[in-house]
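The values are calculated or read from the model by the stated rules, or taken from the named source; none is laboratory data. Treat the numbers as computed from the prediction; the structure is a model and nothing was measured. In this analysis, Cβ positions are derived from the backbone assuming ideal geometry, glycine residues included, and neighbour counts consider all displayed protein chains.
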Amino acid sequence: MTARVDGVDFAENVETITWKRGDRILAVANPATRGNVARIERALIAAMPAGVTLDLRLTRGPGDGRLLAHDGAPGARLVVAVGGDGTVSDVASAAIEHGIPLGVIPAGSTNIIAREIGIPRDPTEAAGLLFGRHRLHRLDAGVCGERAFLHMAGAGFDSRLFDLTDSRWKQRVGWPAYLPAAARALRLPAAQFRLHIDDELLEMTSPLVLVANGMSIIHPRLRVHRAFRPDDGWIDVMIVTATSPYAISRTLGRLAIAQLHRSPYVVHRRAKRCQIESDPILPIQLDGDVVTSTPATFTIRPQAVTFVAPVLR
């Protein structure tokens, strides 16, 4: 069976979670999220079947989500990430390791992982999905070092943008907080990249290298490249070669009309493994969080994470 989300067909697993008394749900929440954690906690408790318990753990700083999820996952029936894309990826690493389904309550600035799957943005609806009619939706997971990423990683413009964005301002206003950082990042020079993509070596000047598992940015309808899929067992490496204002403007124009795959300033490769080196050293972002720097190696784990997602036709 297949399910369609924003015009893209995915394989649909008809398996669902059957709840029973004594089941425990682990929820890891970022208290600085743009959502109200107390409200989300109430929504989860109201939606839970009788006899199911909630174990809510709050992060205190970067990397806490991953540690809390790994600590609390053993014995849990479901792991729930409450926050943005970075929190979802942190919690997913524990769900993958322990073979537990992953639920999401979107509460970040873009929530692109949840939006690509079709998870409701309203916390009450998202909580109801976990315990009501749903499907189990399996997707690939990218890996960089010991960290999982579910949507997109990158070095260059995007990682510089995330590195320069004021986190407090992002919590207050959401995605518009990226605009001042984007203006600064655009003025920074392109880097010299050395890319080992499976058995191929590429050396080129680029303002941005993406390693993608997901399909879009900001909104599911803004597809980065028509070939990108999160369930095909590959990572997609995209190198932007535009360096002049004219070439950059043409590339952005292609992106705006979802025709980036036709741009002469884009090189695309599918791979199982990719190593990125750069001069100068650049930050690396994984699902919007800067967690390391070049050099970095990326691999793929096919069908590694199981999401609780809406039933779609």
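Observations
- Evaluation of L312 against (1) at pLDDT below 90; (2) touching a Phe, Trp or Tyr at 6+ places or on another chain (Cβ under 6 Å); (3) among the hydrophobic types (A, V, I, L, M, F, W, C) (one fails), failing number: (2)
- Any chance V308 is in contact with a Cys (Cβ under 9 Å, 6 or more places away or on another chain) and surrounded by 21 or more Cβ atoms within 10 Å (Cβ to Cβ): no
- The stretch 291-309: number of residues that are of a type in the set (V, I, T) and within 13 Å of A148 (Cα to Cα): 6
- Scope the stretch 235-269; condition β-branched (V, I, T) and out of contact with any His (no Cβ under 9 Å at 6 or more places or on another chain); matching residues: I235, V240, T241, T243, I248, T251, I257, V267
- Residues that are assigned to a helix (DSSP H, G or I) and in contact with a helix residue (DSSP H, G or I) (Cβ under 7 Å, 6 or more places away or on another chain) were ranked within the stretch 98-113; the one that is surrounded by the most Cβ atoms within 10 Å (Cβ to Cβ) is I113.
- Of residues in the stretch 233-272 being loosely packed, with under 15 Cβ neighbours inside 10 Å and modelled with pLDDT of 90 or more, the one farthest from H151 (Cα to Cα): P264
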